[in-house]
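A short write-up of the structure that comes next.
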Amino acid sequence: MHETIAWLTDATGRVADALWSSPLTLAALLLTGLYLTLRLRLVQVRGFRHAIALVTGRYSSHRDVGEVSHFQALSTALSATVGTGNIAGVATAIAFGGPGALFWMWVTAAIGMATKFAECSLALRFREVAPDGEIAGGPMYTLARGAGMPRLAKAFALFAMITALGIGNMVQANSVVDGLAYVAPALKGHGGAVGLVLAALVGLVILGGVRRIARVASMLVPFMAVLYLAGAIIVLANHAAEIPAALATIVQHALNPWAVGGAAVGEAIRWGVARGLFSNEAGLGSSPMAHAAARTNEPVREGLVAMMEPFIDTLVICTMTGLAIVVTGAWQTPDESLKGAALTAHAFTLVLGPAGGWIVGLGLVLFAYSTTIAWSYYGDRAARFLLGPAAVMPYRVVYTLVVIVGASVPLRLVWNLADITNIFMAAPNLISLWLLSGLVVRMKEDYFSRPQRPRTSEET
């Protein structure tokens with residue numbers, strides 16, 4: 001058994017390395033975001049204030065079509081993006097790609113805001129509303145109804161079902177075990193038991209559908225973000241004098257091949273872009289499935305709300321994690337076991353003592369739990385599109401059971417599988433964004449050409 005797992009880890013590692021080391025992969029992700037940023041005329045900057053106003057609900061009406069509010073849709077999507085990528089993903093990027101990987105996570109997030117705006121605006125434009133009010137939307141509907149490419153839509157749905165089991169499920173469960181084992185060594189070797197408990201908690205929520213998921217997410221996301229960020233702020237405050245030097249180190253490792261070597265810069269780009277996509281999911285096509293359920297008749301509004309995800313997820317939370325790892329010097333620790341969530345826990349522990357490890361451990365559990373329940377919705381939307389409504393409940397059951405598997409297999413194997421499936425899921429979505437970019441531009445210009453005012457009490 002161990003030999004089989006070792007072989008799988010090695011084989012998937014070679015495939016993941018080939019995919020993420022390819023200039024074509026990096027160009028597809030980065031150039032799509034850059035193209036949309038330019039074509040939409042810096043919508044992530046010019047629409048930022050309006051996006052904040054939309055999240056507050058000042059422009060919402062219960063007369064609009066949808067199942068959840070702007071805030072609940074954002075919370076559901078954030079509960080999927082604000083997850084182990086912010087703790088384990090950043091740590092893994094820095095461990096394997098050096099501090100410069102954080103810089104490329106920033107780049108991915110900055111231009112990814114335009115990508116997120118485009119894909120989520122299209123999801124609202126082409127969503128499907130059932131007679132009972134249930135909504136289904138996402139890149140598969142955009143591809144089928146907007147781009148007229150039903151076969152590619154089915155391919156996306158298939159990859160989304162598989163990816164949900166990897167990035168949204170096994171990675172989360174595995175990282176929970178990794179983080180908890182650091183603060184409670186007695187849990188080492190008991191991943192199956194931890195996975196069983198986590199699976200039970202996941203099943204309690206996801207069987208209730210998107211409304212229950214949204215309610216839980218809107219309560220969990222603010223709490224877990226404040227808890228984790230408070231710990232990170234304390235760590236950074238204790239090393240405030242080292243922050244400028246840490247930022248210089250990050251930039252140098254990202255852009256200066258003469259100082260750190262061309263291979264080091266290449267690894268920084270590879271790991272930074274890969275983990276940036278894993279963390280904020282811009283271009284992946286996952287978030288549009290959550291935002292499609294938003295209660296609004298203006299697709300552009302939800303696109304603007306969705307644009308806040310990469311900002312909150314990567315430019316705020318991932319930055320705090322990355323800086324904590326760099327300023328404390330944790331990234332230079334020679335211990336080979338400190339690669340994922342354990343590296344972040346180690347950085348916090350260096351400043352806060354055992355309490356730091358527990359903050360990371362608890363934050364990781366909450367992040368991973370919320371991510372797992374949100375991704376279950378993405379997977380079942382894909383199953384519904386591909387196999388019909390009857391497939392939704394069986395998929396949720398399988399999804400719940402896979403949590404136990406994810407908690408029991410090696411860290412590197414799980415990350416390799418996630419990296420591979422990410423690419424296959426992102427490819428059809430990126431094609432739809434290029435094909436329909438002109439429509440997104442027209443939708444945006446039409447929206448901002450009309451006066452936008454908050455709803456009155458009578459309208460809400």
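Since every read-out is calculated from the coordinates, none of them should be taken as a lab result. Keep in mind it's a predicted model, so treat the numbers as computed, not measured. Note that we place each Cβ from the backbone using ideal geometry, even for glycine, and neighbour counts take in every protein chain shown.
For the chain, a simple Cβ point-charge model (Lys and Arg +1, Asp and Glu -1, everything else neutral) yields a dipole of about 1080 debye relative to the Cα centre. Fewest neighbouring Cβ atoms within 10 Å first, the residues His291, His239, His70 line up as His239, His70, His291. Compared with the alpha-carbon gap, the fully stretched path from Ala390 to Ile52 is longer by 117.9 nm at 0.36 nm per residue. Size estimate for segment 119-209 follows the Kirkwood approach: the inverse of mean 1/r over distinct Cα pairs works out to 15.9 Å.
Counting other beta carbons within 10 Å of each Cβ, put Arg39, Arg295, Arg46 in order, fewest first.
Working: Arg39 15, Arg295 20, Arg46 12.
With the sparsest Cβ surroundings first, the list reads Arg46, Arg39, Arg295.
Using the average count of surrounding beta-carbon atoms within 10 Å as a protection proxy, the listed peptides 186-196, 420-430, 149-159, 87-97 rank, highest first, as 87-97, 420-430, 149-159, 186-196.
Expressed in Å, the radius of gyration and Dmax of the Cα atoms of the chain are 20.7, 67.
Going by the alpha-carbon gyration tensor, a ≥ b ≥ c the square roots of its eigenvalues, is segment 335-417 rounded (a/c under 1.5) or, if a/c is not under 1.5, prolate (a/b greater than b/c) versus oblate? Here segment 335-417 falls in the prolate category.
Could you list Leu42, Leu343 so that the one with the fewest beta carbons within 10 Å of its beta carbon is first and the one with the most is last? Intermediate results must be reported in sequence, preceding the final value.
Working: Leu42 12, Leu343 26.
Listing Leu42, Leu343 from fewest to most nearby Cβ atoms yields Leu42, Leu343.
Just name one of Trp7, Ala268, Pro23: the one whose Cα is farthest towards the positive end of the charge dipole of the chain (beta-carbon charges, Lys/Arg +1, Asp/Glu -1). Of the options given, the answer is Pro23.
The slack between Leu19 and Val251, meaning 0.36 nm per residue of separation minus the straight C-alpha distance, is 81.0 nm.
If I take R0 = 41 Å and measure r between the Cβ atoms of Arg151 and Ala355 in this structure, what FRET efficiency does the formula 1/(1 + (r/R0)^6) give, to the nearest 0.05? Taking R0 as 41 Å, the efficiency between Arg151 and Ala355 is 0.15. With the simple spin-label model, which puts each label point 7 Å out from Cα in the Cβ direction, the Leu42 to Thr4 separation comes to 5.6 nm.
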